[in-house]
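See below for the structure under consideration.
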Amino acid sequence: MARRIVGIGGTLRANSSSELLARAVLAECARLGAETRMFGGPALAELPHFNPEAPGRSPEQAELVAAVRAADALVIATPGYHGGVSGVVKNALDLLEDTRGDARVYFDGMPVGLIVSAAGWQAGGVTLAALRGIVHAMRGWPTPAGIALNSIEQKPFGPDGTIVDASVAQMVAVQAQQLMAFALAPAA
Ligand SMILES: Cc1cc2nc3c(=O)[nH]c(=O)nc-3n(C[C@H](O)[C@H](O)[C@H](O)COP(=O)(O)O)c2cc1C
């Protein structure tokens, strides 16, 4: 069966660079045989604020949780906002608290590709580290290859949103390969 890979992230900006990068990783995974699904910035903005004491879920919330439950791997992309993960992306991740009582708790055993786009290297670095911390807290396995784009200095997208910069394309390809190749070591 094809690997199912779900992308989560991006902003409400047209041509959000973080979302385009996540879509590029998913496209590369699809080229390698995966089934992919993206929850981009506008879709994430439809999610109500997560309330741990309110059991009701909107159709959009239920769809995201169901997609993550069925996933074999994730790609999470955020802008660096004020030195951290954006509220829209964090709200989506907080909703995945719903998977805490599942047979597979949170992202247990799942590879997770991480992407940050920020207007400077400092926010890119600290936000990538923060996102890794979140994924570790949710028992996921961040791929060794994280992607941090400096959206002021790097302009890797062509007019149709695909990546035309060779070094960024290589990072995308490496992360996709790691997502597709990940397998837990057999138990001793
Ligand atoms: C509210 C807000 C806060 C931001 N904070 C930072 C920041 O602390 N450091 C930084 O380098 N860039 C910051 N930026 C710039 C964004 O990270 C940058 O434009 C990023 O590439 C946006 O991603 P997008 O193309 O997916 O929308 C901020 C932008 C906004 C709108």
Excluding exposed DSSP-loop GluC sites (Glu not before Pro) (at most 16 other C-beta within 10 Å), longest clean stretch of the chain
54-152
Residues of the stretch 110-132 with backbone nitrogen within less than 12 Å of a virtual label 7 Å along the Cα-to-Cβ line of residue 184, please, listed as ranges.
110-111
Only bridges whose two residues both fall in the stretch 4-181 count here: according to DSSP, what percent of them are antiparallel, nearest 5?
10
Averaging over every viewing direction, what projected area does the convex hull of the Cα atoms of the chain cover, in nm²?
11.1
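Counting Lys and Arg as +1 and Asp and Glu as -1, what is the net charge of the other residues whose Cβ lies under 14 Å from the Cβ of residue 20? Intermediate values should be presented prior to the final figure.
Numbers: positive: 13, 23, 155; negative: 19, 28, 160, 165.
So the surrounding residues net to -1.
Read the figures in this text as sums done on the coordinates, not as results from a lab. Computed from a predicted structure; not experimentally measured. Ideal geometry is used to build each Cβ from the backbone, glycine not excepted, and the neighbour counts take in all protein chains shown.
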